[in-house]
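Notes follow once the structure below has been shown.
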Amino acid sequence: MIQIKWFPPSWFQIKTGKKILYIDPAYLKTYFKDYPHKVEFSTWPDEIDGLPEKDLEKADIILITHHHKDHCKHVTVNRLKKGNTQILAPEMCANDLNSKYTVVKPGEEYQFEEVKVRVVQAYNTPEGHSTRKIHKKDKSVGYLIQIGDKTIYHAGDTDLIPEMDLLGEVDLALIPIGGTFTMDIPEAVDAVKKIRPKTVIPMHMKEADPMKFKKLVEGQSDTEVLPLEIGGEYQLGHSKE
């Protein structure tokens, strides 16, 4: 059984039974001001350091999609890493991480025992619905994570891009819908129809309504949409050992 937990904006914990993965762990106080389980270790004027939950497990693998502070924050990474944690991130994260990490590029693949990670493209396009075109091709990334017979796609901050045709079969897609730095809801619906995952969890929502996204996707495809509350969990079937 694979267990997925979501924190805003695009932070996921994935537990495989053998491995603990985090994608884009970055504690920003604004996202958790009303969340009762948060713990803060320092506040302004010091660098804000916290976790959404006190007893989050340490990571075996940390994947970072790009260098913006709501996706890449070294104090959060430091809280979650241990001595042998594998950290993967694009080159542009070098100024934001004070940990040793593996610089990744789209097209590369990494194997961590039963977890296989493929680095994929994530970027804004001129015709995409994002209103701020700040994610450049080959600079930001997404991740395709294979665990046993299940595949999870974390799209990163992206518009609808041609490379989504090359993802293959996806069981769970983690898709941004916020519309400022990423796809908006209509474009995210088109992305889902292109990728054809079994299930989608919306992320990087900004002010977008995840229930509207759910209604549109489920009205136009066979994909199930599961909006999660902060700290909400989803179990992704059984994976082969």
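Readers should treat all values here as calculations from the given coordinates under stated rules, not as data from a laboratory. Since the structure is predicted, the reported quantities are computational estimates derived from the model, not experimental observations. Glycine also receives a Cβ, built like all others from the backbone with ideal geometry; neighbour counts cover every protein chain displayed.
Counted residue by residue at 0.36 nm each, then reduced by the alpha carbon distance between them, the extension gain from K133 to K206 reaches 24.7 nm.
The ranking of D190, D24, D184, D165 from fewest to most other beta carbons within 10 Å of each one's beta carbon is D165, D190, D184, D24. Backbone amide hydrogens, once placed in the peptide plane, bring V39 within less than 5 Å of L51, E53, excluding anything fewer than 5 places away on its chain.
Calculated mean residue ellipticity at 222 nm for the chain: -3500 deg cm²/dmol, from DSSP H runs with n ≥ 4 weighted as -39500 (n - 2.57), summed, divided by the residue count and rounded to 500. Listed by chain and number, the lysines whose C-alpha is less than 26 Å from the C-alpha of K215, apart from same-chain residues fewer than 8 away, are K5, K150, K193, K194, K198, K206. Once backbone amide H atoms are built at 1.01 Å from N, V225 has V200 as its partners under 5 Å, excluding neighbours fewer than 5 places away on the same chain. Give the distance, in whole Å, between the Cα centre of segment 23-66 and the Cα centre of segment 83-112. Cα centroid to Cα centroid, the span is 19 Å.
Put a plus charge on the Cβ of each Lys and Arg, a minus charge on the Cβ of each Asp and Glu, and nothing anywhere else: the dipole of the chain about its Cα centre is then about 300 debye. Placing a label point 7 Å from the Cα of N84 along the Cα-to-Cβ line, the residues of segment 109-132 whose backbone N sits under 12 Å from it are 113.
For the chain, the relative contact order is 17 percent, taking Cα pairs closer than 8 Å that sit 6 or more residues apart in sequence and dividing their mean separation by the residue count.
Within the shell of other residues whose beta carbon sits under 13 angstrom from the beta carbon of K81, the net charge comes to +3, with Lys and Arg scored +1 and Asp and Glu -1. Note on the chain: antiparallel DSSP beta bridges, both residues inside, total approximately 65 percent of the bridges counted. Go through V189, Y110, L160 and say which Cα lies farthest out towards the positive end of the charge dipole of the chain; charges sit on Cβ, +1 for Lys and Arg, -1 for Asp and Glu. Farthest along the dipole direction, towards plus: Y110.
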